Amino acid sequence: MLDTATLATRTDEILAAHLAREGALLPILHDIQAEFGYIPQECLPQIARALNISRAEVHGVVSFYHDFREVPAGRHVVKLCRAEACQAMGADELSAHARAKLGVDWHETTPNGAVTLEPVFCLGLCACGPAAIVDGKLIARLDTAKLDAILGDLA
Amino acid sequence: MKIYLPLDSVAVALGADDIAAAITAHASKTGAQIELIRNGSRGMVWLEPLVEVETPAGRMGFGPFTPADIPALFGDLAQHPKALGLVEALPWMAGQTRLTFARCGVIDPLNFNDFNANGGFAGLTRALDMASADIVAEVTASGLRGRGGAGFPTGIKWKTVADAKAAQKYIVCNADEGDSATFADRMLMEGDPLTLIEGMVIAGLATGATKGFVYIRSEYPIAIEVMERAVLLARANGVLGASVMGRGPAFDMEIRVGAGAYVCGEETSLLNSLEGKRGVVRAKPPLPALQGFMGQPTVVNNVISLASIPVIMAKGAAHYAAIGLGRSRGTIPLQIAGNVKYGGLFEVGFGLTLGQIVDDIAGGTATGRPVKAVQVGGPLGAYFPRALFDTPFGYEEFAGKEGLIGHAGLTVFDDSADMLAQARFAMEFCAIESCGKCTPCRIGAVRGVETVDRIAKGDAAAIPLLTDLCATMKSGSLCALGGFTPYPVLSALNHFPADFARSKEAAE
């Protein structure tokens, strides 16, 4: 767990870096998530005060966007593309395989905390699908063997 | 020896970074003198990672490249097992009219001098000597229409912003390229980012805007990094700053990153997101051109629209307008994707038929099975059957067939595709990505999934219900998400009725 003082200090530093920007909330939230791995509830009042908006508005923004997490993810995040171009190359079968193999559904984390599985709708790798992004690394032309090797390394 | 290896997401996703490291290691081991340049992609995805070597005859291509192919690069190049010949002479390259993508894959995207030496800033230099109204007139005369999908004339949008009186105006580049099968924005930003910056600066000169934003989706980490570095480069070289190129007005810009909401590709939703709000769609009017970012006059243009401005200014509106078909002028970067033999980006004048694109350029499916359907224009675009393959690629031509060209992405499906499943996915996607503001989209998409499921269970009475629901969504939604989701659904239903004729027994 993060200690409250560190959290508040880091949040203040992030706020200070962005407050002069027009429409600073998204850059702030991206940095908070990059720092802590998710958007801790405790940060919300601090962000709201700095931007002179309500805590509800900050919560509204955090909850609107798929990228922002309200709880930490597993140690590794596997995002499989579910969009049409990847579907045309077998993405549905591949994601069914991944869910069965990991024993989780979309947005869930394996019980040992190793892998969080998420859908992504397009990585712009549409002529070499199915595509995925694993811990920020882009991967194309996936098949079950390639995916099994990746998941084996993460587990 | 000068070696090129793309930094483009496609090449990286297929192992380019490992190859780059291996080439450098090999060279230092053997003592070979090399200069490794990470360029953009040429757009031939089936050949990626595509390594190029500069020779007196031109750049020779080798691909798809693997680390095992490295040692042979230092022998007789013509005998290399992956030798493709001169890249520019390959049929895919020779068949194109590369205007917007002329430098993509050719230059080092983050080398200012390389950009300059290859025609970069020619358009901006000309624009700096022109009156604002003349720049707008030139863009209008080019016939350029919004490449994001809506097809609205760019010059008219600019004129509205130019004529608006305000202390602060903005140029917002929509780089939230969320449609499946589209990657032109990504390729351009990764392969020739200074062209986009040049286009945005010209837009600023034309409209009196002094501040720009590029809103890039978070799913494009490499494009974000390259664009951020390109902005620093442009600022360091005086293109951006207090005076454009030392003789123009002020213009500066920022890169902003989205947060995984598809609907933020819609311009008003994007503006809300940029302002730090929920990406909820705004009702129009007021038009963003009059009340956009922070309530000020704002040009919101797609990456490709803005990146096409420099070449229009450099070569003149007449040169651009001479290419194309009907009211679709200039070139369009076709993005050929899904189940295709030869996929990638192919920039060409409007007017090729869908059949020419799918059969001749893409070479049919990767699986070798017959093409069943092509979805044109992303997740909100219609599924076209082979019977409509004679449709010429143009805004009006596709609208005439109950479809749209959108951002010019094409997803090819072979005969194993289940069009009922595709219709269901279109509704499911709309339900996931709806911003929730208007009822037809928010509720309609959920009901749409349920209705398709009833049809799948053999309930034919649900078919007219689905058609009726689509009519409501089409005319009752605030933006294209709810309004266009009926395109894939109804085209699947109308062109592939057999996939919707499920018998009760089979379902049970």
Checklist line | Every pair of residues 6+ apart whose Cβ atoms lie under 7 Å, when the first sits in segment B:42-59 and is open to solvent by 10 Å² or more (accessible area, probe 1.4 Å) while the second is part of a loop (DSSP other than H, G, I, E, B) | finding: B:Trp46/B:Tyr342; B:Trp46/B:Gly343; B:Leu47/B:Gly63; B:Leu47/B:Pro64
Notebook entry, point to check: Can you tell me which residues in segment B:461-508 are open to solvent by 40 Å² or more (accessible area, probe 1.4 Å), part of a loop (DSSP other than H, G, I, E, B) and farther than 17 Å from B:Glu433 by Cβ?
Noted result: B:Ala461, B:Ala501, B:Arg502, B:Ser503, B:Glu508
Next item on the list: Go through segment B:193-213 residue by residue and tally those that are open to solvent by less than 10 Å² (accessible area, probe 1.4 Å) and touching a residue at least 60 places away in the same chain (Cβ under 8 Å).
Entry: 14
Check: What do you reckon, is B:Val106 more than 30 Å from B:Glu266 (Cα to Cα) and crowded, with 19+ Cβ neighbours inside 10 Å?
Finding: yes
Next item on the list: Among residues belonging to segment B:260-298 that are without any contact (Cβ under 8 Å) to a residue 40 or more places away in the chain and outside any loop (DSSP other than H, G, I, E, B), point out the one that is surrounded by the most Cβ atoms within 10 Å (Cβ to Cβ).
Entry: B:Asn272
Checklist line | helices (runs of 4 or more DSSP H) (entirely within segment B:45-140) containing at least 3 residues that are in the same structural domain as B:Gly208 (by TED's automatic domain parsing) and under 22 Å from B:Gly155 (Cα atoms) | finding: B:122-128
Margin query: Looking at segment A:93-108, I want the residues that are farther than 19 Å from A:Ala73 by Cα and have a partner that is open to solvent by 40 Å² or more (accessible area, probe 1.4 Å) and not in a helix (DSSP H, G or I) with Cβ atoms under 8 Å, at least 6 apart or on another chain. Which pairs are those?
Written below: A:Leu94/A:Asp143
Notebook entry, point to check: In segment A:1-27, which residue that is farther than 19 Å from B:Leu274 by Cα and without any contact (Cβ under 8 Å) to a residue 12 or more places away in the chain is most open to solvent (accessible area, probe 1.4 Å)?
Noted result: A:Met1
Checklist line | Criterion: over 21 Å from A:Phe121 (Cα atoms), in contact (Cβ under 8 Å) with a residue 12 or more places away in the chain and of a type in the set (Asp, Glu) - qualifying residue of B:Glu428, B:Glu433, B:Glu396 | finding: B:Glu396
Next item on the list: Kindly check whether there is at least one residue in segment B:376-384 that is open to solvent by 50 Å² or more (accessible area, probe 1.4 Å), of a type in the set (Gly, Ala, Ser) and assigned by TED's automatic domain parsing to the domain that holds B:Gly338.
Entry: no
Notebook entry, point to check: Say we look at segment B:7-37 and pick out the residues that are open to solvent by 60 Å² or more (accessible area, probe 1.4 Å) and among the hydroxyl-bearing types (Ser, Thr, Tyr); which of these is farthest from the other protein chains (Cβ to nearest Cβ)?
Noted result: B:Thr30
Next item on the list: Looking for whichever is within 13 Å of chain A (Cβ to nearest Cβ), in a strand (DSSP E or B), out of contact with any Pro (no Cβ under 7 Å at 6 or more places or on another chain) and touching a residue at least 24 places away in the same chain (Cβ under 8 Å) here; the options are B:Ala366, B:Ala337, B:Ala373. Which one fits?
Entry: B:Ala337
Note to self: If I ask for residues that are charged (D, E, K, R), surrounded by fewer than 17 Cβ atoms within 10 Å (Cβ to Cβ) and more than 14 Å from every other protein chain (Cβ to nearest Cβ), which ones from segment B:402-449 would you list?
What the structure shows: B:Glu402
Checklist line | Only one of A:Leu154, A:Leu123, A:Leu80 that is more than 11 Å from chain B (Cβ to nearest Cβ) and open to solvent by less than 10 Å² (accessible area, probe 1.4 Å) | finding: A:Leu80
Note to self: For the structure I just gave you, tell me whether B:Asp390 is acidic (Asp, Glu), more than 14 Å from every other protein chain (Cβ to nearest Cβ) and without any contact (Cβ under 8 Å) to a residue 24 or more places away in the chain.
What the structure shows: no
Next item on the list: Confirm whether B:Ala317 is assigned by TED's automatic domain parsing to the domain that holds B:Thr160 and surrounded by fewer than 24 Cβ atoms within 10 Å (Cβ to Cβ).
Entry: yes
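The values are calculated or read from the model by the stated rules, or taken from the named source; none is laboratory data. Please read these numbers as outputs of a predicted model, since none were measured by experiment. Using ideal geometry, Cβ is built from the backbone for each residue, glycine included, and neighbour counts are taken over all protein chains shown. Just so you know, the surface numbers come from the protein's heavy atoms only, side chains and all, with ligands and any DNA or RNA stripped out. Shrake-Rupley method; radii C 1.70, N 1.55, O 1.52, S 1.80 Å.
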